[in-house]
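As structure tokens, the structure follows; a few thoughts come after it.
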Amino acid sequence: MIRPHEEVYGRSLPFGERPALLLVDLMRAYFEPGEELFIGSRACLESASRVLAAARAAAVPVLHTRVSFGADGLDGGLFFRKVAPLRHLVGDGPLGRLMPEVAPAHGELVIVKQYASSFFGTTLASTLHALRVDTVVLAGVSTSGCVRATAVDAIQHGFVPIVVRQAVGDRDAGPHEAGLFDIQAKYGEVWDEPDVVAQLARSMAR
């Protein structure tokens with residue numbers, strides 16, 4: 001007998017008292033029609049922009065990630081070899097630039113990464129610990145790739161991952177929904193944008 005999913009994976013984690021917003025890889029490569037990584041919609045970008053405005057209004061720390069590889073992608077190892085479109089992110093070309101809707105403000109850290117998780121090989125965990133963050137609100141792309149990998153590593157580093165459903169996107173609805181399902185079941189929480197915005201406002205009031 002297989003027990004009902006809700007019975008096995010029905011627990012939830014609370015939104016903490018010291019959140020930070022992490023915007024994952026909201027680069028031109030994903031929003032430029034015709035490019036290999038194009039996800040076909042700007043909806044998640046628009047949602048992420050609204051969440052970003054709420055975080056800034058609440059004085060919640062904001063961090064951004066983007067992907068950039070050195071010459072020949074050597075710092076990307078097997079991941080670079082496996083995912084062919086990553087070749088467009090060698091150096092600091094236009095496809096690796098963050099979208100203007102979510103452009104970093106003065107003082108907002110931009111973390112450059114080479115792998116799916118925003119934590120792998122970066123200073124993200126130590127930065128969040130230094131800020132005494134307990135909850136990481138996640139927006140960005142792609143749901144089944146870098147967002148999911150970042151959520152998994154967030155919980156493994158002791159941070160509650162809160163993924164904003166409307167503010168993450170993918171090339172295909174199947175992997176997108178599967179990623180959200182997995183995160184909610186095992187690795188974090190999936191919240192709707194209005195609930196996240198309201199919670200961020202409450203963070204300002206504390």
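The values are calculated or read from the model by the stated rules, or taken from the named source; none is laboratory data. In this text the structure is predicted, and so the values were computed from the model without any measurement. Cβ atoms come from the backbone with ideal geometry, glycine included; neighbour counts cover every protein chain shown. Protein only, heavy atoms only, side chains kept; ligands, DNA and RNA dropped before computing areas. Shrake-Rupley method; radii C 1.70, N 1.55, O 1.52, S 1.80 Å.
Rounded to whole Å and sorted largest first, list the principal axis extents of the Cα atoms in the chain.
Principal axes ranked by extent give 51, 45, 31 Å for the Cα atoms.
For the charge dipole of the stretch 75-118, defined by +1 on Lys and Arg C-beta atoms and -1 on Asp and Glu C-beta atoms about the Cα centroid, which residue among Leu109, Met99, Leu78 has the Cα displaced farthest towards the positive pole?
Leu78
Could you check how many percent of all C-alpha pairs in the stretch 90-160 are farther apart than 17 Å?
On the way: 1210 of 2485 pairs.
Every Cα pair in the stretch 90-160 considered, those over 17 Å come to 49 percent.
If the stretch 101-206 were replaced by its equivalent ellipsoid, with semi-axes equal to the square roots of 5 times the Cα gyration tensor eigenvalues, what would those be, largest first, whole Å?
On the way: eigenvalues 82, 62, 41 Å².
Semi-axes (√(5λ), whole Å): 20, 18, 14.
According to a simple spin-label model (label point 7 Å from Cα along Cα-to-Cβ), what is the distance in nm between Glu6 and Arg87?
Calculated label separation equals 4.9 nm.
Largest first, how would Tyr9, Tyr115 line up by accessible area (1.4 Å probe)?
Numbers: Tyr9 90, Tyr115 70 Å².
Reading off the accessible areas and sorting them downward yields Tyr9, Tyr115.
In terms of the ratio Rg/(2.2 N^0.38 Å) built on C-alpha atoms, what value belongs to the stretch 150-201?
On the way: Rg = 11.3 Å, N = 52, 2.2 N^0.38 = 9.9 Å.
Normalised Cα radius of gyration, the stretch 150-201: 1.14.
Running Debye on the stretch 1-88 with equal point scatterers at the Cα sites and no solvent, what base-10 log of I(q)/I(0) appears at q = 0.19, 0.21 Å⁻¹?
-0.96, -1.00
Give, rounded to the nearest 20 debye, the magnitude of the charge dipole that the chain has about its Cα centre when Lys and Arg contribute +1 at Cβ and Asp and Glu contribute -1 at Cβ. If you can, show how the numbers build up before the last one.
On the way: 20 positive and 23 negative charges, 72 e Å.
Once rounded to the nearest 20, the dipole reads 340 debye.
Rounded to whole Å, give me the distance from the Cα center of the stretch 115-131 to that of the stretch 82-104.
19
DSSP loop (so not H, G, I, E, B), at most 11 other Cβ within 10 Å: list which trypsin sites (Lys or Arg not before Pro) in the stretch 4-104 pass both filters.
Working: sites: Arg11, Arg28, Arg42, Arg50, Arg56, Arg66, Arg81, Lys82, Arg87, Arg97; in loops: Arg11, Arg42, Arg97.
Passing both the DSSP loop test and the Cβ count: Arg11.
Compute the length gained on full extension between Arg202 and Thr123: take 0.36 nm times their separation in residues and subtract their Cα-Cα distance, giving the result in nm to one decimal.
Working: separation 79, 0.36 × 79 = 28.44 nm, distance 2.81 nm.
Full extension from Arg202 to Thr123 adds 25.6 nm.
Using a probe of 1.4 angstrom, how much of the accessible area of the chain is carbon and sulfur, in percent? Walk me through the numbers on the way to the answer.
Working: 5560 of 10090 Å².
That share works out to 55 percent.
Accessible area per residue, 1.4 Å probe, Å², for the stretch 52-206: what's the number? Kindly include the intermediate steps, with their values, before the conclusion.
On the way: 7110 Å² over 155 residues.
Averaged over the residues of the stretch 52-206, the accessible area is 46 Å².
How much length would be gained if the chain were fully extended between Val110 and Glu32, taking 0.36 nm per residue of separation minus their Cα-Cα distance, in nm to one decimal? Display every interim value, and only then the final one.
Working: separation 78, 0.36 × 78 = 28.08 nm, distance 2.10 nm.
In short, 26.0 nm is gained.
For the modelled label position 7 Å from the Cα of Phe79 along Cα-to-Cβ, which residues of the stretch 98-123 have backbone nitrogen atoms closer than 15 Å?
111-123
Could you tell me the relative contact order of the chain? Use alpha-carbon pairs under 8 Å, at least six residues apart, and round to a whole percent. Don't skip to the end; give the middle numbers.
Numbers: 383 pairs, mean separation 58.0, N = 206.
Relative contact order, the chain: 28 percent.
Which percentage, to the nearest 5, of the DSSP beta bridges contained in the chain is antiparallel?
Working: 1 of 26 bridges.
About 5 percent, rounded to the nearest 5.
Which percent of Cα pairs goes in each bin when the distances of the stretch 48-150 are cut into 10 angstrom slices starting at zero?
Histogramming the stretch 48-150 at 10 Å steps yields 13, 46, 32, 8, 0 percent.
Helix-derived [θ] at 222 nm for the chain: sum -39500 (n - 2.57) over DSSP H runs of at least 4, divide by residue count, nearest 500?
-9000 deg cm²/dmol
When only the heavy atoms of the protein chains count and the probe is 1.4 Å, how do His5, His176, His64 rank by accessible area, highest first? Before the final figure, lay out each step's value.
Working: His5 65, His176 30, His64 5 Å².
Putting His5, His176, His64 in descending order of accessible area: His5, His176, His64.
For Asp172 and Glu46, what does the FRET efficiency come to when R0 = 30 Å and r is the distance between their Cβ atoms, rounded to the nearest 0.05? Display every interim value, and only then the final one.
Numbers: r = 20 Å, r/R0 = 0.65.
Working from the Cβ atoms, E equals 0.95.
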